[in-house]
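The values are calculated or read from the model by the stated rules, or taken from the named source; none is laboratory data. Computed from a predicted model, the values in this text were never measured in an experiment. Virtual Cβ from ideal backbone geometry, glycine too; neighbours counted across all protein chains shown. The accessibility values were calculated without ligands, DNA or RNA, using every heavy atom of the protein model including side chains. Shrake-Rupley method; radii C 1.70, N 1.55, O 1.52, S 1.80 Å.
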There are 2 protein chains.
Amino acid sequence: MKIYDIPGFPNPARIRIVLAEKGMDSQVEFVKVDLFAAEHKQPAFLARNPAGVVPVLELDDGTNIAECVAITEYLDNLDGNPVLTGKTPREKAIIHMMQKRADDQLIDAIGIYFHHATPGLGETLQAYKSPEWEHRKEWGERQLDKFKRGMTYFNEVLSKQAYIAGEQFSMADITAYCALLHAAFVGITVPKDLPALAAWQARLAERPSIRNRSGK
Amino acid sequence: MKIYDIPGFPNPARIRIVLAEKGMDSQVEFVKVDLFAAEHKQPAFLARNPAGVVPVLELDDGTNIAECVAITEYLDNLDGNPVLTGKTPREKAIIHMMQKRADDQLIDAIGIYFHHATPGLGETLQAYKSPEWEHRKEWGERQLDKFKRGMTYFNEVLSKQAYIAGEQFSMADITAYCALLHAAFVGITVPKDLPALAAWQARLAERPSIRNRSGK
């Protein structure tokens, strides 16, 4: 299998953590995509993933799997422990629900903020981020507000349970953690009045899959 | 089990079609949520789903499952045929990938357009749709452009295969079909130059789960 990504970025980190949790790192070859040069917006990459985002998992039969949830489902269903997408119908449902909330409220929100309300990855990529839209910055800033409300929501969740989707670590934790990584990169950290979120973040940082993360 | 929803609306229709496909209608009690009165934005409903959207599945143990993908995963993993979320790791991954694209490019896009660039469900609900943001209408219109580009993408997909995620009907088809239902409601139909999408839509309309859909 091949993963097309770039080390150190939030969505790529999600899959690198999944691979480390499952002990599958050695089964994957990483191919670097130059996001600064907008390589993921060019025809060669768009043929692989028309949505123009990383990471993409290429299977040995040539099939391209994009979208972190889809890639995680693939890897998680192959084999191994821990199971990150749930075992029972109820577990799977709760994990997918919380995963979607972590996408909408955290990782997508901070990503939109970064690419629209800040210089993002620089001029070349900005040309693909609605440069013609005069209200793009305001829209990005509204997403930062959403991200902050999201942190408050997840703090509440984590004041009642150990992990985002219950008492077990799951893909929803990975998504939320990587969103906070991205936020920290743009200078936004967990506020002091959200202690459950901060404690969870500190606990996750000690997991070997995160502490020893490749390409950190 | 109970489903909190409102008949005839796009996201509720997704789950009603899932239930009909799985032959599970009779196992569910439907509880109507008054979207026009913004019942889903009030504390009682928000306690059930903090995201404030329908449908929500309430399990017999009182657990609330929100988000259509999560509800579909639950129902699909319980039992029965057809399997809508895939059997093998590869199938599951491709279905989740295409499902995400149908969410982003079609059903979410047309929903944002409807609620921000048109009067939507009327004044009561509009109060919860960023009324303070002076560029909300423009944002909604940009989402309509996204929806139209999405139709073009899915037409291309369907010119090469029978269903959105391959040769089998799946939850990704249900999502895309319900997005087109919503679009038709606001007067946007599949353009004549997208024949594969139109043919797929006509074929799906004949499925018993859709033709005889409850609360249509």
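In region A:55-132, which GluC sites (Glu not before Pro) fall in coil by DSSP and have 14 or fewer other Cβ atoms within 10 Å?
The qualifying sites are A:132.
Under 1.5 on a/c is rounded, so check that first for region A:89-213, then, if it is not, pick prolate when a/b is larger than b/c and oblate when it is not; a ≥ b ≥ c are the square roots of the alpha carbon gyration tensor eigenvalues.
prolate
Counting helices only, and only those DSSP H runs with n ≥ 4, report the 222 nm mean residue ellipticity of chain B as the sum of -39,500 (n - 2.57) divided by its residues, in deg cm²/dmol to the nearest 500.
-15500 deg cm²/dmol
Please state the relative contact order of chain B as a whole percent: Cα pairs under 8 Å, 6+ residues apart?
Relative CO of chain B lands at 24 percent.
Using a 1.4 Å probe on protein heavy atoms only, how many Å² of accessible area do B and A hide from each other, summed over both chains and rounded to 100?
About 3000 Å² of accessible surface is lost on pairing.
Hey, what did region B:89-213 get for relative contact order, percent, Cα under 8 Å, at least 6 apart?
30
Cα to Cα, under 17 Å, and not fewer than 8 places away if on the same chain: which lysines meet these conditions relative to residue B:32?
B:2, B:41, B:216
Report the calculated FRET efficiency for residue A:37 and residue B:167 (r = Cβ-Cβ distance, R0 = 35 Å), to the nearest 0.05.
So the FRET efficiency works out to roughly 0.40.
When each copy gets a label point 7 Å from Cα toward the beta-carbon at residue B:34, what are the spacings between them in nm, shortest first?
For residue B:34, the other copies' label points sit at 6.0 nm, shortest first.
Given label points at 7 Å from Cα along Cα→Cβ, what nm distances, shortest first, separate residue A:211 from the same residue in every other copy?
Here the equivalent label points are 6.1 nm apart from this one.
Relative to the compact globular guide of 2.2 N^0.38 Å, what is the alpha carbon radius of gyration of region A:1-146, as a ratio?
My calculation over the Cα atoms of region A:1-146 gives 1.12.
From the label point of residue A:7, set 7 Å along Cα to the beta carbon, how far off in nm is each other copy's matching point, shortest first?
5.9
Under a GNM of chain A (C-alpha, springs under 10 Å), which listed residue has the highest mean-square fluctuation: A:49, A:155, A:77?
Checking each option, the largest mean-square fluctuation is seen for A:77.
Using a Gaussian network for chain B with springs between C-alpha atoms less than 10 Å apart, which of these wobbles most: B:59, B:19, B:194?
Result: B:59 has the largest fluctuation of those listed.
Roughly how large, in nm² to one decimal, is the mean projection of the convex hull of the alpha-carbon atoms in the protein assembly as shown?
So the Cα hull casts an average projection of 19.6 nm².
Using a Gaussian network for chain A with springs between C-alpha atoms less than 10 Å apart, which of these wobbles most: A:193, A:103, A:145?
Greatest mean-square fluctuation among the candidates belongs to A:193.
Would you be so kind as to list the residues of region A:129-143 that have their accessible area lowered by at least 30 Å² in the full protein complex compared with their chain by itself (1.4 Å probe)?
A:133, A:135, A:138, A:139, A:142
Would region A:2-77 count as rounded, prolate or oblate if I go by the C-alpha gyration tensor, calling it rounded below 1.5 in a/c and otherwise prolate when a/b exceeds b/c, oblate otherwise?
The shape class here is prolate.
Check each of the trypsin sites (Lys or Arg not before Pro) in region B:132-189 and keep only those in coil by DSSP with at most 11 other C-beta atoms within 10 angstrom; list them in order.
Passing both the DSSP loop test and the Cβ count: B:160.
Tell me, which residues of region B:43-69 get at least 30 Å² less accessible area when the other protein chains come in, versus the chain alone (1.4 Å probe)?
B:50, B:63, B:65, B:67
With a cut-off of 8 Å between alpha carbons and a minimum separation of six or more residues, what is the relative contact order of region B:161-205 in percent?
27
Using a simple spin-label model with points 7 Å from Cα along the Cα→Cβ vector, what separation in nm is obtained for residue A:212 and residue B:46?
Result for the modelled spin labels: 4.5 nm.
Antiparallel versus total DSSP beta bridges in region B:2-77: what percent is that, nearest 5?
Bridges in region B:2-77 that DSSP calls antiparallel: roughly 60 percent.
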